[in-house]
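First the structure, in the form of structure tokens, and then the observations on it.
The values are calculated or read from the model by the stated rules, or taken from the named source; none is laboratory data. Everything numeric in this text was worked out from a predicted model, so none of it was measured. Glycine gets a Cβ as well: all are built from the backbone with ideal geometry, and neighbour counts include every protein chain shown.
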């Protein structure tokens, strides 16, 4: 056996069910044509970036000195960009942040890795509700912590705060939430977030150290019912991790941020530790062109209405057939219960019809299946009869 | 004390002498004007990106479907981009790589972090020649390894292979070289690289495990004498880390690669471990727009001739005044000996003249000073009388 890092080797060779499903879909598309395969495996935005992104980029190439456009920014991001993004948050959420509360990152994954590495001490526990985005486990382990999944309420995939209260221990460093949620599409109501805040406040006081809340919000703008709550309003010790991958359909450009509100306990120390983590992980700075682009596009999104139309079409269709599905008011995922208890067996039956889905087991919750509906609506129309055949 | 990662806190609050010098320069510029301060602290390219970069980007915005232009690429990078970059290497270095030998990264820092994390097991030693880029220590420690600096030959800052032979132990996982070198500007001749290869081959055989060579080459294209050697020609177990930050003047866009030649021992396993490290560190993929841009610009560079003119002007001037300086045939740094043994004292004297330099101590080599001459030539002209005053 080569003397390489066994952890990295395992991570690099482990077959992800999501990637494997996607690869199978690609193979079938090559064999039988794209009109005969319905691939719902990946969370890759299907609506194009808005025209404003192109306009902003072209203007920057036109007007900005290339040495500045392509130059290093400070590690935490260009100061004017951070000020513009803070002003946009203040406008939308009635907050009062300065740009110095923001640290720009290579996407939400970079944001999570820097926050977890800044917070994490050996032995720390990070709690999250299952089902959950599988990379959480990887990122928490990179930060020398342990991910402790707590089952969400199976009937609606909302937070089970009683179960969370049971799982919090003196080792709990932070709770990590994701709303709108991947893989369930569920949005947490403000009232529940406030109850979560009170719970964390009480347990922080009981243990004599702050339990932080990490709010992973790449889907914040994809919300079909009421606008989402601003999580730091519900608990002051909230760190927000954000990405423009979904709101502006820019997943490949790797641009996001960490927000550390000044109200957070030891905010300036945590900000410094995040800067240290950015150095330790080799990030240097977030990509400069798209720093400038997202500042010019503050408050703008891609045409996210298309996801709501897909959601309605698919949810209505599946429920009519008798599928049971928690109310998905955001993101671009459905997580219905499978007719049989074994979700992998269901996915195999679906695959035999060239309908490509990912079993919930990948997200720490069997008996369900994830459907990524960031696809053309015609694909949903073609898929519905296959879902009917499977129920 | 906040319960954060003590390592990240220390990295985030430690004052880097380079950054501190740069901040001081900015402050003095604000006070006395840019025409009165000569800042040689940062290695930020001063020549603009070539027109080809702008042309390529504009064409991509024009012609490529935005869902593809801005979408996730595979973690290792777009397949066509990797094939194009491999073809360019093959053309220039008479090699025969496929795109599958390349893993695209967020710059050379991301490349080094992924390679070191893939290779590193607790207790591993990584050897490098001092003076060296100070982040090497940070990156090696992130990979649970120990950086062991070996002094280069003080008279010319070439590799001291006898000292290296003494320092290699059974714990040595890899040797990390940087040619053209930051901070000395020295280029290693092919003959020395071949001798290094023979040494590593002999010691690998003696210990029964391969000692890898990591060649960090962000300055490969900034080479004023003979073209640089192709390091894998000198030792088959060479991993190349590259960046477009300097060759195309794109440091802010974060684009580079790792090359793992197929001849390397356990090449495919190491490639898998690099993929695992990319996941563990949260990289997802290198920024997609600039993946496509560098593929279109393969073989093109910024006008790097300007650096040679700066080198000649400054080197000639300093030597004429009596400064002693190893022959800097590449990169954009000089590393002359300071008149006094205490380089920090020399830098303080220089600073009193608003001449901003970084003491060699920051690079693990006192008694010298680093001059980053990626600046307008007028700044060098203005600085020469100050250097004369200090000698």
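Regarding region A:9-18, can at least one residue be identified that is surrounded by 14 or more Cβ atoms within 10 Å (Cβ to Cβ), under 27 Å from residue A:311 (Cβ atoms) and facing chain B (nearest Cβ under 8 Å)? No, there is no match, as no residue in region A:9-18 is surrounded by 14 or more Cβ atoms within 10 Å (Cβ to Cβ), under 27 Å from residue A:311 (Cβ atoms) and facing chain B (nearest Cβ under 8 Å). Based on what the data block shows, is residue A:293 touching a residue at least 40 places away in the same chain (Cβ under 8 Å), in contact with a helix residue (DSSP H, G or I) (Cβ under 8 Å, 6 or more places away or on another chain) and assigned to a helix (DSSP H, G or I)? For residue A:293, the condition - touching a residue at least 40 places away in the same chain (Cβ under 8 Å), in contact with a helix residue (DSSP H, G or I) (Cβ under 8 Å, 6 or more places away or on another chain) and assigned to a helix (DSSP H, G or I) - is met. The lone criterion from (1) assigned to a helix (DSSP H, G or I); (2) more than 8 Å from chain A (Cβ to nearest Cβ); (3) closer than 26 Å to residue A:114 by Cβ; (4) in contact with a helix residue (DSSP H, G or I) (Cβ under 6 Å, 6 or more places away or on another chain) left unmet by residue B:276 is number (2).
Residues checked against (1) more than 18 Å from residue B:181 (Cβ to Cβ); (2) modelled with pLDDT under 95; (3) surrounded by 14 or more Cβ atoms within 10 Å (Cβ to Cβ):
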{"site": "B:314", "(1), (2), (3)": "no, no, yes"}
{"site": "B:322", "(1), (2), (3)": "yes, no, no"}
{"site": "B:325", "(1), (2), (3)": "no, no, yes"}
{"site": "B:335", "(1), (2), (3)": "no, no, yes"}
{"site": "B:338", "(1), (2), (3)": "yes, no, yes"}
{"site": "B:343", "(1), (2), (3)": "no, no, yes"}
{"site": "B:349", "(1), (2), (3)": "yes, no, yes"}
{"site": "B:359", "(1), (2), (3)": "no, no, yes"}
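Yes/no matrix, rows are residues, columns are (1) assigned to a helix (DSSP H, G or I); (2) closer than 25 Å to residue A:30 by Cα:
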{"position": "A:345", "(1), (2)": "yes, yes"}
{"position": "A:348", "(1), (2)": "yes, yes"}
{"position": "A:351", "(1), (2)": "yes, yes"}
{"position": "A:362", "(1), (2)": "yes, no"}
{"position": "A:366", "(1), (2)": "no, no"}
{"position": "A:374", "(1), (2)": "no, yes"}
{"position": "A:380", "(1), (2)": "yes, yes"}
{"position": "A:389", "(1), (2)": "yes, yes"}
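Could you check region B:321-343 and list, in sequence order, the residues that are assigned to a loop (DSSP other than H, G, I, E, B), out of contact with any strand residue (DSSP E or B) (no Cβ under 9 Å at 6 or more places or on another chain) and within 30 Å of residue B:226 (Cβ to Cβ)? Scanning region B:321-343 gives B:322, B:327.
Just give me the residues in region B:59-82 being crowded, with 16+ Cβ neighbours inside 10 Å and either at pLDDT below 95 or out of contact with any strand residue (DSSP E or B) (no Cβ under 9 Å at 6 or more places or on another chain) (or both), in sequence order. Full working, then the answer.
Filtering region B:59-82 down to residues crowded, with 16+ Cβ neighbours inside 10 Å leaves B:60-61, B:66-67, B:69-73, B:75-78, B:81-82.
Matches in region B:59-82: B:60, B:61, B:66, B:67, B:69, B:70, B:71, B:72, B:73, B:75.
I'd like to know if region A:227-247 contains one or more residues that are touching a residue at least 24 places away in the same chain (Cβ under 8 Å), within 28 Å of residue B:118 (Cα to Cα) and in a loop (DSSP other than H, G, I, E, B). Scanning region A:227-247 turns up at least one residue that is touching a residue at least 24 places away in the same chain (Cβ under 8 Å), within 28 Å of residue B:118 (Cα to Cα) and in a loop (DSSP other than H, G, I, E, B). The single condition among (1) under 30 Å from residue A:42 (Cα atoms); (2) within 9 Å of another protein chain (Cβ to nearest Cβ); (3) touching a residue at least 60 places away in the same chain (Cβ under 8 Å) that residue B:67 does not meet is (3).
Looking at B:57, B:49, B:80, B:30, can you tell me which residue is assigned to a loop (DSSP other than H, G, I, E, B) and over 30 Å from residue B:137 (Cβ atoms)?
Values: B:57 fails: assigned to a loop (DSSP other than H, G, I, E, B); B:80 fails: assigned to a loop (DSSP other than H, G, I, E, B); B:30 fails: assigned to a loop (DSSP other than H, G, I, E, B).
Of the residues listed, the single one that is assigned to a loop (DSSP other than H, G, I, E, B) and over 30 Å from residue B:137 (Cβ atoms) is B:49.
Here is the figure for region B:99-114: residues that are touching a strand residue (DSSP E or B) at 6+ places or on another chain (Cβ under 7 Å) and more than 10 Å from every other protein chain (Cβ to nearest Cβ) total 4.
Taking (1) more than 30 Å from residue B:48 (Cβ to Cβ); (2) under 16 Å from the mean Cα position of the chain (by Cα); (3) touching a residue at least 12 places away in the same chain (Cβ under 8 Å); (4) within 13 Å of another protein chain (Cβ to nearest Cβ) in turn, residue A:125 satisfies each apart from (2). If only residues of region A:83-98 that are assigned to a helix (DSSP H, G or I) and in contact with a strand residue (DSSP E or B) (Cβ under 8 Å, 6 or more places away or on another chain) are counted, the one that is nearest to the other protein chains (Cβ to nearest Cβ) is A:85. For region A:117-126, the count of residues that are in a helix (DSSP H, G or I) and in contact with a strand residue (DSSP E or B) (Cβ under 8 Å, 6 or more places away or on another chain) is nonzero.
Looking at this structure, is residue B:71 farther than 30 Å from residue A:270 by Cβ and in a loop (DSSP other than H, G, I, E, B)? For residue B:71, the condition - farther than 30 Å from residue A:270 by Cβ and in a loop (DSSP other than H, G, I, E, B) - is met.
For the subset of region A:240-269 comprising residues that are within 10 Å of chain B (Cβ to nearest Cβ) and under 15 Å from residue B:254 (Cβ atoms), which member is surrounded by the fewest Cβ atoms within 10 Å (Cβ to Cβ)? So the residue we want is A:252.
Would it be correct to say that residue B:31 is more than 9 Å from every other protein chain (Cβ to nearest Cβ), more than 25 Å from the chain's Cα centre (by Cα), under 30 Å from residue B:376 (Cβ atoms) and in contact (Cβ under 8 Å) with a residue 60 or more places away in the chain?
Details: more than 9 Å from every other protein chain (Cβ to nearest Cβ): yes; more than 25 Å from the chain's Cα centre (by Cα): yes; under 30 Å from residue B:376 (Cβ atoms): yes; in contact (Cβ under 8 Å) with a residue 60 or more places away in the chain: no.
When the stated conditions are applied, residue B:31 does not pass them.
Taking the criterion of being over 15 Å from residue A:391 (Cβ atoms), touching a residue at least 12 places away in the same chain (Cβ under 8 Å) and out of contact with any strand residue (DSSP E or B) (no Cβ under 7 Å at 6 or more places or on another chain), the residues of region A:344-364 that qualify are A:351, A:361, A:362.
Of the set (1) in a helix (DSSP H, G or I); (2) in contact with a strand residue (DSSP E or B) (Cβ under 9 Å, 6 or more places away or on another chain); (3) within 7 Å of another protein chain (Cβ to nearest Cβ), all apply to residue B:44 but (1).
Hey, among B:139, B:157, B:133, which residue is within 23 Å of residue B:17 (Cα to Cα) and without any contact (Cβ under 8 Å) to a residue 60 or more places away in the chain? Can you show your working first?
Numbers: B:157 fails: without any contact (Cβ under 8 Å) to a residue 60 or more places away in the chain; B:133 fails: without any contact (Cβ under 8 Å) to a residue 60 or more places away in the chain.
When all the criteria are applied, what remains is B:139.
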